[in-house]
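Report on the structure given below.
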Amino acid sequence: MLSSSARALSAINADLHCHSTVSDGWLAPEAVVLRALANGVELLALTDHDEVGGIDAAARVAAVHGLRFVAGVEISVSFAGETIHIVGLGIDHRDPTLVAGLEQLRAGRDARARRIGEALERVGIVDALAGAHRFARNPALVSRAHFARHLVASGVMPDVRTVFDHYLVRGKPGYVEHAWAALEDAVGWIRAAGGIAVVAHPARYRLSTADLGLLFDRFIAAGGEAVEVVSGAHTEDEMRRFASLARQRGLLASRASDFHGEKESPVDLGRCNPLPADLEPVWSRLV
Ligand code: AMP
Ligand code: MN
Ligand code: MN
Ligand code: MN
């Protein structure tokens, strides 16, 4: 199917960023694969936050159904006071350097979740940590999304987006500062594991133009090679902006729904716009 030369490589329905219950997605890894298949995805990467525990199960189901599957991860990074996400694609998810780095990040997440729970208690939301844990299928991976779901379920706020706006973003009572991985470390772990590093949803960062330029300078200097041009988190204007950046910087381009679940994601698996035809798809290096 993929080897067919009749179709341009960039026309393949690739979706190279999504989440399962191993992080803050709603579907188990196996169910993510089945939904991707049903939606016509031809090349899928599962990229849970700071965790690769879903890769084996997803790869097994993908193999059974003949879906091309890429092992991935989405690593949390601190840069210029913002949290940046670096996706790794085509990783050896058993690589000891990567595994150790991710373990360290998850330990930090655990401590952070407790601090978020305490911060929410201070504004009268009791048992927030226990509530978040009820939504986190993986106890080692509590995300702000799990706190948000708990606040929605307990009737504090109507939906997850509103919870973020009122409680979970910087300046709001449930936000706690946290030091994630250094950019160079995250890119280094991905490369150690034989993967390609990708800047995830670049339009979502509140960085000055200078800091965004510096992010890409340092990312490329560290060996990063790709950027999500098409993302479920991008408008068409943002897509065009980062298509230009990919051209200027000579970066490979990725296409990614960032699907978490039906109720929370604007774009379903495999339903993103196509990549601009002149860009080199990152999957030219993965298939
Ligand atoms: P964390 O890694 O724990 O900081 O959680 C970040 C996750 O929360 C992201 O990957 C999204 O799934 C979710 N998230 C972040 N910002 C928002 C938002 N404004 N609305 C809805 N979900 C969000
Ligand atoms: Mn998420
Ligand atoms: Mn992200
Ligand atoms: Mn994501």
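The values are calculated or read from the model by the stated rules, or taken from the named source; none is laboratory data. Everything quoted here is computed from the prediction, not taken from an experiment. Here Cβ is always computed from backbone atoms with ideal geometry, including for glycine, and neighbour counts include all displayed protein chains. What goes into the accessible areas is simple: the full protein's heavy atoms, side chains included, and nothing from ligands, DNA or RNA. Shrake-Rupley method; radii C 1.70, N 1.55, O 1.52, S 1.80 Å.
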Quiz item: L151 passes all but one of (1) within 16 Å of ligand 3 (Cβ to nearest atom); (2) assigned to a helix (DSSP H, G or I); which number fails?
Solution: (1)
Exercise. Kindly indicate whether any position in the range 116-133 is more than 15 Å from ligand 2 (Cβ to nearest atom), among the small types (G, A, S) and part of a loop (DSSP other than H, G, I, E, B).
Key: yes
Exercise. Quick one: which residue in A192, A210, A186 is of a type in the set (G, A, S), over 24 Å from D15 (Cβ atoms) and in contact with a helix residue (DSSP H, G or I) (Cβ under 9 Å, 6 or more places away or on another chain)?
Key: A192
Self-check item: Only listed residue being more than 16 Å from ligand 1 (Cβ to nearest atom), β-branched (V, I, T), part of a strand (DSSP E or B) and crowded, with 19+ Cβ neighbours inside 10 Å, chosen from V87, V70
Solution: V70
Self-check item: Complete set of residues in the range 31-51 that are open to solvent by 10 Å² or more (accessible area, probe 1.4 Å) and either in a strand (DSSP E or B) or within 16 Å of ligand 2 (Cβ to nearest atom) (or both)
Solution: H49, E51
Quiz item: Looking at (1) in contact with a Phe, Trp or Tyr (Cβ under 9 Å, 6 or more places away or on another chain); (2) more than 16 Å from ligand 2 (Cβ to nearest atom), can you tell me which one R94 breaks?
Solution: (1)
Exercise. Among the residues of the range 244-260, write down those that are of a type in the set (G, A, S) and crowded, with 19+ Cβ neighbours inside 10 Å.
Key: A246, A253, S254, A256, S257
Exercise. Can you give me the number of residues within the range 276-287 that are buried (at least 24 other Cβ atoms within 10 Å of the Cβ) and either assigned to a loop (DSSP other than H, G, I, E, B) or in contact with a Cys (Cβ under 9 Å, 6 or more places away or on another chain) (or both)?
Key: 0
Quiz item: Counting just the residues of the range 151-165 that are over 21 Å from the mean Cα position of the chain (by Cα) and surrounded by 15 or more Cβ atoms within 10 Å (Cβ to Cβ), which one comes out farthest from ligand 2 (Cβ to nearest atom)?
Solution: V156
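The rows are residues; the columns are (1) within 16 Å of ligand 2 (Cβ to nearest atom); (2) at negative phi; (3) open to solvent by 30 Å² or more (accessible area, probe 1.4 Å).
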position: V176; (1), (2), (3): no, yes, no
position: R191; (1), (2), (3): no, yes, yes
position: V198; (1), (2), (3): yes, yes, no
position: V230; (1), (2), (3): no, yes, no
position: E236; (1), (2), (3): no, yes, yes
Quiz item: Among the numbered criteria (1) touching an Asp or Glu at 6+ places or on another chain (Cβ under 7 Å); (2) farther than 19 Å from P266 by Cα; (3) aliphatic (A, V, I, L, M); (4) open to solvent by less than 10 Å² (accessible area, probe 1.4 Å), which single criterion is violated by V22?
Solution: (4)
Practice problem: For A200, indicate whether it is out of contact with any Gly (no Cβ under 8 Å at 6 or more places or on another chain), closer than 25 Å to R170 by Cβ and within 16 Å of ligand 4 (Cβ to nearest atom). | Solution: yes
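Conditions (1) more than 18 Å from D24 (Cβ to Cβ); (2) open to solvent by 10 Å² or more (accessible area, probe 1.4 Å), marked per residue:
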{"site": "L102", "(1), (2)": "no, no"}
{"site": "R112", "(1), (2)": "no, yes"}
{"site": "A119", "(1), (2)": "yes, no"}
{"site": "V126", "(1), (2)": "yes, yes"}
{"site": "L129", "(1), (2)": "no, yes"}
{"site": "N138", "(1), (2)": "no, yes"}
{"site": "R144", "(1), (2)": "no, yes"}
{"site": "A148", "(1), (2)": "no, no"}
Exercise. Return the pairs, sorted by first residue and then second, in which the second residue is assigned to a loop (DSSP other than H, G, I, E, B), the first residue lies in the range 267-285 and is hydrophobic (A, V, I, L, M, F, W, C), the beta carbons are less than 6 Å apart, and the residues are 6+ apart or on different chains.
Key: V267/G232; V267/S257; L269/N39; L269/V41; L269/S257; C272/S257
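Quick check, is L98 of a type outside the set (S, T, N, Q), open to solvent by less than 60 Å² (accessible area, probe 1.4 Å) and touching a residue at least 60 places away in the same chain (Cβ under 8 Å)?
Here the answer is yes, as L98 does meet what is asked.
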Practice problem: Mind telling me which of the residues A113, A119, A182, A153 ends up being out of contact with any strand residue (DSSP E or B) (no Cβ under 6 Å at 6 or more places or on another chain), aliphatic (A, V, I, L, M) and closer than 30 Å to S244 by Cβ? | Solution: A182
